[in-house]
Amino acid sequence: MLHPSKIEISKSAFKANIKFIKSKLKKGVRFSSVVKGNAYGHGIEVFVPLAEEEGVDHFSVFSADEAMRVMRVSKQKPDIMIMGMIDDDSLEWCVRSGFECFVFDFERLQKLIQVAKNTGIKAKIHIELETGMNRTGFDEQELDALIKLLQKNKERYVLKGICTHFAGAESLANYVRITGQKSKFRKFNKKFQKAGFEPEYRHTACSAAAVRYPDTQMDLVRIGILQYGFWPSTETLVQHTANVESQSDPLKRLISWKSNVMSIKNVNKGEYIGYGMTFLAQQNMKLAVVPVGYHHGFSRSLSNLGRLIIGGQRVSVVGLVNMNALLVDITNCNHIERGDEVILIGRQGDVEISVAAFGELSNRLNYELLTRIPLDIPRKVVL
Ligand SMILES: Cc1ncc(COP(=O)(O)O)c(C=O)c1O
């Protein structure tokens, strides 16, 4: 292993998650796998082929570069939908590549129409409607002009979808806002229908909406976090377990992050450990040096706080997390040697460090923590 740590992605966990998600979807609803943010840190290059093997044929990304990465590694010509950034100069390439793209302002629509005129290839578009998230999407007062422009240029595009995104379906605190968004979307949908449009997919649901508000599933769902084995919020998990007989979590985490002990060091009572004076040895101590630091995505905020697993035992980070290394206290552990496996996220025997626990300590959400795991840590699929 050249890199100081590695990431393993579990195929069986993904299978279990897909089975669970499908059990939650109404008949005929298409599943789009959201792989933006480097497949939520799992790695587009390993995750996409794995998902394809399990029958996934639609991927959603944020930007054109991510679409290119999905296209390069996919084997079964999936549909690829870009929900966010495409540089104007890349629009023609996107159309020629057959990517579907969100259209949320007149500038992008005009430019796509022009590209379609120049190339003779119809642009595959999803019209995004502003229902209350206030991020991207056409406002209600823009709809008449939008419909006119679409009617005038019918030969230039394929209307793959109309869509919107909810502003926090994972939290009950947002119930009123989400309900308002749902009814606005229905109203806008009627307007499109009246104007004679028949989009292939009406889609609004992310993970939380798909499980909490099943009526938002419509024709297609855009599922990210659930497929990787995480709940969008603890509230969503609690709501799920309250409604089913089994109290166990049906989701399985795909990701494990592992390293090895680089060196072992003995420190005398009364000595400070690492940079500065944040940790004073109160007894003679034995430490393991782990070659992972904040450069590798292990937050400095976990200094004197984080936990890892070595030799089937939970051990604590002592001193400051360095750029490339951290120290853990193994004074009371049996038989730990240089080269022993270290678990940063995942399971060893009966002991587990979940991303949620890791996230709570470092005050970061699953979403943020996962997507911050650096691109260059080698990832491989395991059974
Ligand atoms: C437009 C859009 N759709 C779907 C998703 C997927 O969300 P989740 O990971 O909660 O399923 C996201 C993620 O933030 C998004 O921005």
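Brief remarks on what is shown
- Top of D65, D89, D249 by mean-square fluctuation, Gaussian network on the chain, Cα under 10 Å: D89
- Listed residue (A169, I147, S10) projecting farthest to the positive dipole end of the chain, Cβ model: I147
- For the chain, modelled as a GNM whose springs connect Cα atoms under 10 angstrom apart, the maximal fluctuation among S354, S97, S246 occurs at S246.
- Nearest 10 degrees, 0 to 90: helix 106-119 Cα axis against the chain principal axis: 70 degrees
- The alpha-carbon of K15 sits under 12 angstrom from the alpha-carbons of these aspartates and glutamates, leaving out residues fewer than 8 places away in its chain: E52, E53, E54.
- For L251, no residue has an amide H sitting under 5 Å from its own, ignoring neighbours fewer than 5 places away on the same chain, with H placed 1.01 Å from N.
- Computed as a quarter of the hull surface, the mean projected area of the alpha carbon convex hull for the chain stands at 21.5 nm².
- Based on the Kirkwood approach, the hydrodynamic radius assigned to segment 255-382 is 14.8 Å, with every pair of different Cα atoms included.
- Classification of segment 72-138 by its C-alpha gyration tensor yields an oblate form. The axis ratio a/c (a ≥ b ≥ c) is 1.5 or more, and b/c is at least a/b.
- Sites counted here are GluC sites (Glu not before Pro) in a DSSP loop (not H, G, I, E or B) having no more than 12 other Cβ atoms within 10 Å; the longest part of the chain that contains none of them is 1-244.
- The long axis of helix 234-243 is offset from the longest Cα principal axis of the chain by roughly 80 degrees.
- Among S5, S74, S259, S12, a tally of other beta-carbon atoms within 10 Å of each Cβ gives an order, fewest to most, of S12, S74, S5, S259.
- Between the helical axis of 11-24 and the longest alpha-carbon principal axis of the chain there is an angle of about 40 degrees.
- Inter-centroid distance (Cα atoms) of segment 211-249 relative to segment 132-200, Å: 24 Å
- Computed over segment 11-243: relative contact order in percent, which uses C-alpha pairs under 8 Å that are six or more apart: 20 percent
- Cβ crowding within 10 Å, taken as a proxy for footprinting-reagent exposure, orders W93, W257, W231 from fewest neighbours to most as W93, W231, W257.
- Violating pairs (Cα-Cα greater than 28 angstrom) within the set K117/K160; K36/K148; K26/K190: K36/K148
Just so you know, all these numbers are worked out from the coordinates, no wet-lab data involved. Everything numeric in this text was worked out from a predicted model, so none of it was measured. Cβ sites come from the backbone with ideal geometry, for glycine too, and all protein chains shown count toward neighbours.
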